[in-house]
1. As a test of the formula, what do you get for the chain when each DSSP H run with n ≥ 4 contributes -39,500 (n - 2.57) and the sum is divided by the residue count, at 222 nm and rounded to the nearest 500 deg cm²/dmol?
2. Can you give the direction-averaged projected area of the convex hull of the alpha-carbon atoms in region 72-140, in nm²?
3. Extension gain Ala133-Arg70, at 0.36 nm per residue separation less the Cα-Cα distance, in nm?
4. What distance in nm separates the simple spin-label points at Asp248 and Ser124, each placed 7 Å from Cα in the Cβ direction?
5. If you take the Cα atoms of the chain, find Rg, then find the Kirkwood Rh from the mean of 1/r over all pairs, what is Rg/Rh?
6. Where Lys and Arg each count +1 and Asp and Glu each count -1, what net charge lies around Leu114 among other residues with Cβ under 9 Å from its Cβ?
7. Give me the percent of DSSP beta bridges within the chain that run antiparallel, rounded to the nearest 5.
8. Roughly how tilted is helix 177-189, in degrees to the nearest 10 and between 0 and 90, from the longest Cα axis of the chain?
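Computed from the coordinates by the stated procedures, all read-outs in this text should not be read as laboratory data. Note that the structure is predicted; figures quoted are calculated from it, not measured. Heads up, the Cβs are rebuilt from the backbone with ideal geometry, glycines too, and the neighbour counts pull from every protein chain shown.
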Amino acid sequence: MTVTLDDIRAAAERIRGHVVETPLLRDELLSARLGQPVWLKCEYRQTTGAFKLRGATNAILSLPPEALTRGVVTASTGNHGRALAHAARALDVPATVCLSRLVPGNKVQAIRDLGAQVRIAGASQDEAMAEVARAVAQEGMTEIPPFDHKAVVAGQGTIGLEIGTAEAVLVPLSGGGLAAGVAVAIKALAPGTRVIGLTMENGAAMAASLAAGHPVEVTETASLADSLGGGIGLQNRVTFALCRALLDDVILLTEAEIAQGIRHLGRAGHVVEGAASVGTAALLAGKVVPQGPTVCILSGANIDPALHARIMAEAA
Ligand SMILES: *Cc1c(COP(=O)(O)O)cnc(C)c1O
């Protein structure tokens, strides 16, 4: 394995005090309905609103001193970009986020507010990524990618150490940094626990890649689970092999099922984004049948409030 339980334990030591140990709360309604205890790992309450702070913090703290002086760089506009900006500022390391000029102004400002340098480069995500490569080659910055990186996977895996005994752990799945890290921890500690990846029906790159047996590209489509979009990289080095070796199953959810998950959690006071609701959505839809204590990882909170209100107001 490229990432081991020892790596995850070392990551937990490193990031202690820099991240929140989020609560594990019982979902009373689902537990009663399904006849098995259902627990919610409330990672949406993590600083910056998503678990990504764990991986970003571990990756920065794993760098040698000379790399810290030259700074870190990414092209992510989403939860990883926020996490890297926040972690870098907290650790007094310069961070640069390269964005295309199509990224909306409010997102650009949000990243600046977190203390990162923003570089506007080109008119596409590909051009923003080319600027990252240039900053690495010419300015000696270190790229911290959102998932395909050992220290990032180990950081996300620290969630697995906080989950306790379960029959199944339901993990939102995109690039697979979260699923790979959690699966390494869980399978090392309790090999009989099922680790199930959940994602949306359309444009799920890891699901398509696992089915094909190698990394493939998929067409991106809009989804309520927007944090689960994007490719896994045709040259994927870490997460594909770990997900292939360790995940017991991958379950796909429709947009209606994801909305149902958001509503169910919202009624219990958990305001989460679509990506965070997929475990609960799978239980509600009967796509995962619990056979014992079941943990859903609620991965993030960053949903547009107007969209959340609209989903809550829909019937069903
Ligand atoms: C990034 C992210 C995921 C998916 O994580 P991967 O490591 O890319 O699989 C799930 N939920 C939220 C909220 C995220 O930000």
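1. -13000 deg cm²/dmol
2. Orientation-averaged projected area of the Cα hull: 4.0 nm².
3. Between Ala133 and Arg70, full extension yields 21.2 nm more.
4. The modelled label-to-label distance comes out at 4.2 nm.
5. My calculation of the ratio gives 0.95.
6. +2
7. 15 percent
8. Computed tilt is about 60 degrees.
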